[in-house]
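Peer 1: Dropping the structure in here first, questions after.
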Amino acid sequence: MEIEKERTVCFTGHRPNKLPINERGPSVVLSAIKSTLYYKILELAQQGYEYFITGLAKGVDLWAAEFVIQVRKSYPNIKLIGVKPFEGHGDDFLGEDLYTYNNVLCDSDEIICLADKYSSDVYKKRNYFMVDNSSLLVAVVDNYRSGTGQTINYARKKGIPVHIINVKDYTDAEKIVALNKKHKNK
């Protein structure tokens, strides 16, 4: 498949253990972040973006891929491209992550594998490959001193626009809502 860079979006974001999840399951914050990510993908499909590249990591990458698959029901022209950093990527996934990963692999229009085996820089190479083949990066970020932050910086250095979904914006909003509820109950 030939990818048209001008109509291509890629994703970056943290793993679930780096996002606000409480002990009872996904938090209100996480649900709001996922909803924002879904509607951003829908908006981009409406704007004519056709190719969506995911790095197939747990968390944001797989959620974005699932949302692209959902949006594709209304926009059948869009394509999902999965980029495996190395051949054995995903072999250690368990439970829901494994189920989602396998579904995404099956529903992808193309899977690109960048290396035969793991090396210390495979994730960085994967992230740079995605940015180099896109005209927009959608990022869910909480900590800029991370692989996600490195990918955002690389995109900016290459002149690729970045749409930021900042986790801190959502956590601050949740704190305000909680304070308002507390004061109403007094």
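Peer 1: Of the residues that sit in the stretch 119-159 and are small (Gly, Ala, Ser) and out of contact with any His (no Cβ under 9 Å at 6 or more places or on another chain), which one is surrounded by the most Cβ atoms within 10 Å (Cβ to Cβ)?
Peer 2: Restricting to residues being small (Gly, Ala, Ser) and out of contact with any His (no Cβ under 9 Å at 6 or more places or on another chain), the top hit is SER134.
Peer 1: Now, a different point. If you check SER35 against the conditions, is it out of contact with any Asp or Glu (no Cβ under 9 Å at 6 or more places or on another chain) and modelled with pLDDT under 95?
Peer 2: Criteria met by SER35.
Peer 1: Would you confirm whether or not the stretch 66-73 contains a residue that is touching a Phe, Trp or Tyr at 6+ places or on another chain (Cβ under 7 Å), closer than 17 Å to PHE11 by Cα, not charged (D, E, K, R) and not in a loop (DSSP other than H, G, I, E, B)?
Peer 2: Yes, there is a match, as at least one residue in the stretch 66-73 is touching a Phe, Trp or Tyr at 6+ places or on another chain (Cβ under 7 Å), closer than 17 Å to PHE11 by Cα, not charged (D, E, K, R) and not in a loop (DSSP other than H, G, I, E, B).
Peer 1: Look at the stretch 140-173 and say how many of its residues are under 18 Å from VAL29 (Cα atoms) and without any contact (Cβ under 8 Å) to a residue 60 or more places away in the chain.
Peer 2: Total satisfying the criteria: 5.
Peer 1: Which members of the stretch 96-137 meet the condition of being under 20 Å from ALA45 (Cα atoms) and hydroxyl-bearing (Ser, Thr, Tyr)?
Peer 2: SER108, SER134, SER135
Peer 1: Restricting attention to the stretch 45-65, and to residues there that are assigned to a loop (DSSP other than H, G, I, E, B) and in contact (Cβ under 8 Å) with a residue 12 or more places away in the chain, which single residue is nearest to HIS14 (Cα to Cα)?
Peer 2: Here the residue is GLY59.
Peer 1: Hey, among GLY82, GLY55, GLY95, which residue is modelled with pLDDT under 95 and not aliphatic (A, V, I, L, M)?
Peer 2: That would be GLY95, the only listed residue that is modelled with pLDDT under 95 and not aliphatic (A, V, I, L, M).
Okay, residues lined up against (1) of a type in the set (Asp, Glu); (2) outside any helix (DSSP H, G or I); (3) modelled with pLDDT of 85 or more:
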{"position": "LYS117", "(1), (2), (3)": "no, yes, yes"}
{"position": "TYR123", "(1), (2), (3)": "no, no, yes"}
{"position": "VAL140", "(1), (2), (3)": "no, yes, yes"}
{"position": "GLN150", "(1), (2), (3)": "no, no, yes"}
{"position": "ALA155", "(1), (2), (3)": "no, no, yes"}
{"position": "THR171", "(1), (2), (3)": "no, no, no"}
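Peer 1: Can I ask one more? Quick one: is LEU80 surrounded by fewer than 18 Cβ atoms within 10 Å (Cβ to Cβ) and not acidic (Asp, Glu)?
Peer 2: no
Peer 1: Just for the stretch 1-14: of the residues that are assigned to a loop (DSSP other than H, G, I, E, B) and either of a type in the set (A, V, I, L, M, F, W, C) or surrounded by fewer than 16 Cβ atoms within 10 Å (Cβ to Cβ) (or both), which one is modelled with the highest pLDDT?
Peer 2: GLU4
Peer 1: Now for a different question. Pick from VAL60, VAL68: which is among the β-branched types (Val, Ile, Thr), crowded, with 23+ Cβ neighbours inside 10 Å and at pLDDT below 95?
Peer 2: That would be VAL60, the only listed residue that is among the β-branched types (Val, Ile, Thr), crowded, with 23+ Cβ neighbours inside 10 Å and at pLDDT below 95.
The values are calculated or read from the model by the stated rules, or taken from the named source; none is laboratory data. The structure presented is a predicted model; accordingly, all values stated were derived computationally and were not measured. Because the Cβ atoms are built from the backbone with ideal geometry, glycine has one as well, and the counts that use them run over all protein chains shown.
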